Amino acid sequence: MIGEACPTLTAVSEKIDYGRFAERLRRVMPRWGDRDRMAPEEFAEHLADTGPRWDLLRVFQEEWGYEPPGGEPAWPRWSESEHEAYVRRLRAEWTGEEEDAFARCDLTLPVPAALDEWWDLPFNSFTYRPRLYWTNPEWPPTVRPDPSGYGVSDGLPPDSPFVAPDDDHRVCVFKAEYQYCNEWGYLAAEAGLPDPRVLVSSEDGWVVQAGSISEFFLQLAVMRLPAHFGWTVRLYEAEPGVVDRVRRDFPELGLLPWRELGSRAVVHGAPDALIYLDDGGYADFSFLVHARTRTALEEVARTLGVDWSDEIESPPADEPESPDEAEPAGPEPLSLRAGQADAGARWTVEDVSDRPLSSLEPEPPARLTGAGRPAGLTVWVTDPDADVAAGDQAGGLHLWPAARPDGSPEPEGTAAPLSRTAHDAPVTAIACRRFDGLGATVVSGDSTGVVNLWLPDDGDWGPAGIGRHGGTVIALSAECLETGPAIAAAWSTGTVRLWDVGSGLDATLTLGSGIETIALNPEGTLTVGGATGTATVRLDTERLWPRRALTELVHRFEWERLDGARGPAPEIPDQILAAASADAETAAAALAGLRAVLYDGGTVFPVTVAAAPYLALLAADPDNRVRGPLLSLLLEIARAVPGPVGEGEDAVPWAEHARSTVEECLPVVSDLLDDADPGVREAAERLLSEFPGQEPDSFR
């Protein structure tokens, strides 16, 4: 019975152990391993039993709070995606011919029954609330390779393991990532099956995504719905050992890794919670937890031995929204209020007005109006030194320098731009600025949320990806603050990220709705707003980038040229910065790594001499978690003995140099004699006593 296979558990008070989800999946999903042991007719009948699978999808949606709204779907099956419609219109403008609506389809191929059924499900959360998913369906399914050239993927290679050499090597795509960066489809050779396997286009070519179309739509719901309806923790990187504990304590859901935009996410189940581990290297967050209740999320944290109390986000579903997540009738109001600040006091709203804030470049500069203007321009900007930068619909970036190589100005409208393919999606925001020491600096963002940095004065310039976030990049700004060059980016989700260019550090701010334009100001403020108002936000750069000075300082050394206990030591900067972590476990692990490189059984090395002052700086930081052990390591370094000298080598007194360097740090150490931590005071006294000729008071 369907009810026995998929018990309906919708009440939040009724705990659901997703660690047992694989059992529910096995009861209903097709067994492709039995294909060779079944007659073709029997296997087709097996695949056609889709009712229990759709019931599992329905129950999962209910468990996370989705309720079918009734009425007509917001996305009927014959709807055309905005992206595809836009490209089709552009082609018509360029060619003067209307494209055949079915040019990309093979109408002689059957459509699998499961795909037809999905469109008609009365509880289909995509057709009723497509904005929960940020994907585009293809109906009818289109083939790859695409005869029209629109689809991004190829067909199967000649030696594909999925089909016999004489079989059809095409793939029928029925779903695509929002900007068609990757696609999902079934084999044309299996189009006659009721519920065929689903493949996904990836950097490895076509790979299996799901055991059937019905399983794919369940997996898509697993990847999308909990982020909207659940309590959430998002981590760029989990604490050491946490990932291993997840894999040990929480079973996988039984689904294949989710492949999208370079990500490779595996989902693990916990009581009332799902844990997403991504090792693809391209996800915004490599560690995600979505839970049906805050209590469930806190229980997962306790099981893993971590504290996420400052990281927990409430469900977006709890926030007011328009019905069915349709586009708002007008601009969203600015949600910032005067005096508002975040918990860490990194920013404070100084004032808010109802004066609209619009783009600084409403009209294209003169250089973009000539015959040589690139096609499909979407955004443009002029920097204070008259560089003009622009982005286009195809992801291209164009820069018109302010002057010729000999320094003479370029006449308006005559310069040929420097052009590169910058993005895999339309460029939606751009900023351009000249900085001392960097030259022309161009920042571009696209509709998939990617932000790239470009330094065209470097010659053969190429992209340096500096950030990615969900949603569309809607605004960018570049400015020189008191701390140096900085970049700000805003996404359509209300998130703003700030980068310190010199150190590479960034900070993420959640400033809410109504932001369409941003501008960094030299005095350390950020102006944000849009059609409904403007806010001035005061930034505290010390709190935004607390390790900025240390990061810049530590990267001034060419550490890879200095030997440690194991040879060249390029890892020292990362270890020093990790030793400054606010997480005690991370800091202790980094200090152990430093000790292994800097000090080996009484012997020190060239890199030890360079690193010693940084150890003293870390020990002097009242927020550091390993201050006493740092001082103890400095004491061991000061007591080091000369190391062995190889035959024919000159004896270099590294032990003497190291001791002299530690002695130069004593003024910093002496300030710790009055520290509030008795362990730090004791360690400082021991280190100072190693230099009896120096009086502590002489350093004050």
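The values are calculated or read from the model by the stated rules, or taken from the named source; none is laboratory data. Keep in mind the model is a prediction, meaning the values are calculated, not measured. Because the Cβ atoms are built from the backbone with ideal geometry, glycine has one as well, and the counts that use them run over all protein chains shown.
Return only the number of the condition from (1) modelled with pLDDT of 90 or more; (2) of a type in the set (A, V, I, L, M, F, W, C); (3) surrounded by fewer than 22 Cβ atoms within 10 Å (Cβ to Cβ) that Ile213 does not satisfy.
The number of the failed condition is (3).
Assess whether Asp563 counts as being of a type in the set (Asp, Glu), assigned by TED's automatic domain parsing to the domain that holds Phe691, farther than 20 Å from Phe691 by Cβ and in contact (Cβ under 8 Å) with a residue 60 or more places away in the chain.
no
Only residues that are surrounded by fewer than 22 Cβ atoms within 10 Å (Cβ to Cβ) and either among the acidic types (Asp, Glu) or not in a helix (DSSP H, G or I) (or both): list them for the stretch 566-582, please.
Arg566, Gly567, Pro568, Pro570, Glu571, Asp574, Ser581, Ala582
In this structure, does Trp134 turn out to be under 20 Å from Arg77 (Cα atoms), under 30 Å from the mean Cα position of the chain (by Cα) and surrounded by fewer than 19 Cβ atoms within 10 Å (Cβ to Cβ)?
yes
Could you check the stretch 513-547 and list, in sequence order, the residues that are of a type in the set (A, V, I, L, M, F, W, C), more than 24 Å from the chain's Cα centre (by Cα) and modelled with pLDDT of 90 or more?
Ala535, Val537
Kindly list, by first and then second residue, each pair from a residue in the stretch 490-501 that is assigned to a loop (DSSP other than H, G, I, E, B) to a residue that is small (Gly, Ala, Ser), limited to pairs with Cβ atoms under 7 Å and residues at least 6 apart or on different chains.
Ser492/Gly471; Thr493/Gly470; Thr493/Gly471; Gly494/Gly512; Gly494/Ser513; Val501/Gly484; Val501/Ala486
Give the residues of the stretch 634-654 that are part of a helix (DSSP H, G or I) and modelled with pLDDT under 90, sorted by residue number.
Trp654
I'd like the full set of residues that are within 23 Å of the chain's Cα centre (by Cα) and touching a residue at least 12 places away in the same chain (Cβ under 8 Å), limited to the stretch 305-320.
Of everything in the stretch 305-320, those that are within 23 Å of the chain's Cα centre (by Cα) and touching a residue at least 12 places away in the same chain (Cβ under 8 Å) turn out to be Val306, Trp308, Asp310, Glu311, Ile312, Glu313, Ser314, Pro315, Pro316, Ala317.
Could you check, for the stretch 159-173, whether at least one of its residues is acidic (Asp, Glu), buried (at least 18 other Cβ atoms within 10 Å of the Cβ) and under 30 Å from Ala317 (Cα atoms)?
no
Run down Gly437, Gly470 and say which single residue is assigned to a loop (DSSP other than H, G, I, E, B), more than 24 Å from Trp347 (Cα to Cα) and among the small types (Gly, Ala, Ser).
Every option except Gly437 fails the conditions.
Look at Val207 and say whether it is touching an Asp or Glu at 6+ places or on another chain (Cβ under 9 Å) and either at pLDDT 95 or above or on the phi > 0 side of the Ramachandran plot (or both).
For Val207, the condition - touching an Asp or Glu at 6+ places or on another chain (Cβ under 9 Å) and either at pLDDT 95 or above or on the phi > 0 side of the Ramachandran plot (or both) - is not met.
Being assigned to a helix (DSSP H, G or I) and surrounded by fewer than 20 Cβ atoms within 10 Å (Cβ to Cβ) is the filter here; which residues of the stretch 667-677 pass it?
Correct list: Pro667, Val668, Asp671, Leu673, Asp674.
Could you tell me which of the residues Glu516, Glu479 is touching a Leu at 6+ places or on another chain (Cβ under 7 Å) and in contact (Cβ under 8 Å) with a residue 24 or more places away in the chain?
Sole residue among the options that is touching a Leu at 6+ places or on another chain (Cβ under 7 Å) and in contact (Cβ under 8 Å) with a residue 24 or more places away in the chain: Glu479.
For the stretch 159-277, give me every one of the strands (runs of 3 or more DSSP E) that falls completely inside it and has 2 or more residues that are within 30 Å of Ala578 (Cα to Cα).
Here the list reads 231-235, 263-270.
Restricting to the stretch 521-558, name every residue that is assigned to a strand (DSSP E or B) and either aliphatic (A, V, I, L, M) or within 29 Å of Leu618 (Cα to Cα) (or both).
Once the filter is applied, which keeps residues that are assigned to a strand (DSSP E or B) and either aliphatic (A, V, I, L, M) or within 29 Å of Leu618 (Cα to Cα) (or both), the stretch 521-558 yields Leu526, Val528, Ala535, Val537, Arg538, Leu539.
Taking the stretch 583-612, which residues are assigned to a helix (DSSP H, G or I), surrounded by fewer than 16 Cβ atoms within 10 Å (Cβ to Cβ) and either at positive phi or in contact (Cβ under 8 Å) with a residue 40 or more places away in the chain (or both)?
Ala584, Glu585, listed by residue number.
Which of the residues spanning the stretch 173-193 are of a type outside the set (A, V, I, L, M) and in contact with a Ser or Thr (Cβ under 7 Å, 6 or more places away or on another chain)?
Those that are of a type outside the set (A, V, I, L, M) and in contact with a Ser or Thr (Cβ under 7 Å, 6 or more places away or on another chain): Lys175, Glu177, Tyr178, Gln179, Cys181, Asn182, Glu183.
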